[in-house]
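The structure under discussion appears below in the form of structure tokens.
The values are calculated or read from the model by the stated rules, or taken from the named source; none is laboratory data. From a predicted model like this one, the values you see are computed outputs, not experimental measurements. All Cβ positions, glycine included, derive from the backbone under ideal geometry; neighbour counts span all protein chains shown. Ligands, DNA and RNA are excluded from the accessible area calculation, which covers all protein heavy atoms including side chains. Shrake-Rupley method; radii C 1.70, N 1.55, O 1.52, S 1.80 Å.
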Amino acid sequence: MSSKDSSSWQDTASDWLISIIIAVALAFCIRTFLVEPYMVEGTSMYPTLKNHERLVVDKLNHYISNPARGEIIVFRYPQDESRDFIKRVIAVPGDRVRMESGQVYVNDEALNEQYIYLDDPKGRNMSSYPETVIPEGHVFVLGDNRNNSVDSRFPNVGLVEDRLIKGRAVLAFWPLDEFHVIHADNGLNK
């Protein structure tokens, strides 16, 4: 093998190595700061999101602005931050939230929650929650399938701190036949 062939092979290997390093660095940056794939596990967000549905989570927007009422967010479970939960933001800092016999009120206005699951064999969710003012740096979240959701009503989740929020769900891409954009619904649209 001539020195010219050896040099050419080393240049090619070097180019490939640099390309791979750049690709890995870009993928890391994209996943860390821009978007992340997420798979729904469980039925707490049914019928809006289904078990094993795959989503795109926008992480960049969380760095720019706070979550808004009605957005569906992914956050780290407060009791085990290696686990992720997905829920709908119902109330944001400064809001007063309460539940009476399953009806949610934000700032004394009853929400018209057309996204919640009402056909549960267990019947309509009748839970109550005492009026709470949401402090800065927190949000109140609920699952759309209230009978099968561990959310802000329960002490092990409670009010979700901003630092635990990973981003908001923006797109369901799998299965392909159920591809859709995920819109925020704050329940105030009558």
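Here ASP185, ASP177 are screened, and the one residue that is part of a helix (DSSP H, G or I), modelled with pLDDT under 90 and out of contact with any Asp or Glu (no Cβ under 7 Å at 6 or more places or on another chain) is ASP177. Screening the stretch 138-184 for residues that are over 14 Å from ILE86 (Cα atoms) and among the hydrophobic types (A, V, I, L, M, F, W, C) and picking the one that is surrounded by the fewest Cβ atoms within 10 Å (Cβ to Cβ) gives LEU176. Taking the conditions (1) open to solvent by 20 Å² or more (accessible area, probe 1.4 Å); (2) part of a loop (DSSP other than H, G, I, E, B) in turn, LEU49 satisfies each one other than (1). Taking the criterion of being among the charged types (D, E, K, R) and touching a helix residue (DSSP H, G or I) at 6+ places or on another chain (Cβ under 7 Å), the only residue of the stretch 122-136 that qualifies is LYS122. Exactly one residue out of ALA184, ALA172 is aliphatic (A, V, I, L, M), touching a helix residue (DSSP H, G or I) at 6+ places or on another chain (Cβ under 8 Å) and under 20 Å from LEU49 (Cα atoms): that is ALA172.
For the stretch 52-103, the candidate set comprises residues that are within 17 Å of PHE154 (Cα to Cα) and of a type in the set (Ser, Thr, Tyr); within that set, the residue that is modelled with the highest pLDDT is TYR77.
Residues of the stretch 54-93 that are closer than 27 Å to TYR117 by Cβ, in contact with a strand residue (DSSP E or B) (Cβ under 9 Å, 6 or more places away or on another chain), assigned to a strand (DSSP E or B) and open to solvent by 30 Å² or more (accessible area, probe 1.4 Å): ARG54, VAL56, ARG76, ARG83, ASP84. Looking only at the stretch 114-133, residues that are open to solvent by 60 Å² or more (accessible area, probe 1.4 Å) and of a type in the set (Phe, Trp, Tyr) come to 1 in all. Residue count for the stretch 64-85 satisfying the condition of being hydrophobic (A, V, I, L, M, F, W, C) and farther than 19 Å from MET45 by Cβ: 1. The number of residues in the stretch 114-171 being assigned to a loop (DSSP other than H, G, I, E, B) and of a type in the set (Asp, Glu) comes to 5. So, in the stretch 94-113, of the ones that are assigned to a loop (DSSP other than H, G, I, E, B) and within 15 Å of ASP185 (Cβ to Cβ), which residue ends up most open to solvent (accessible area, probe 1.4 Å)? My answer is ASN112.
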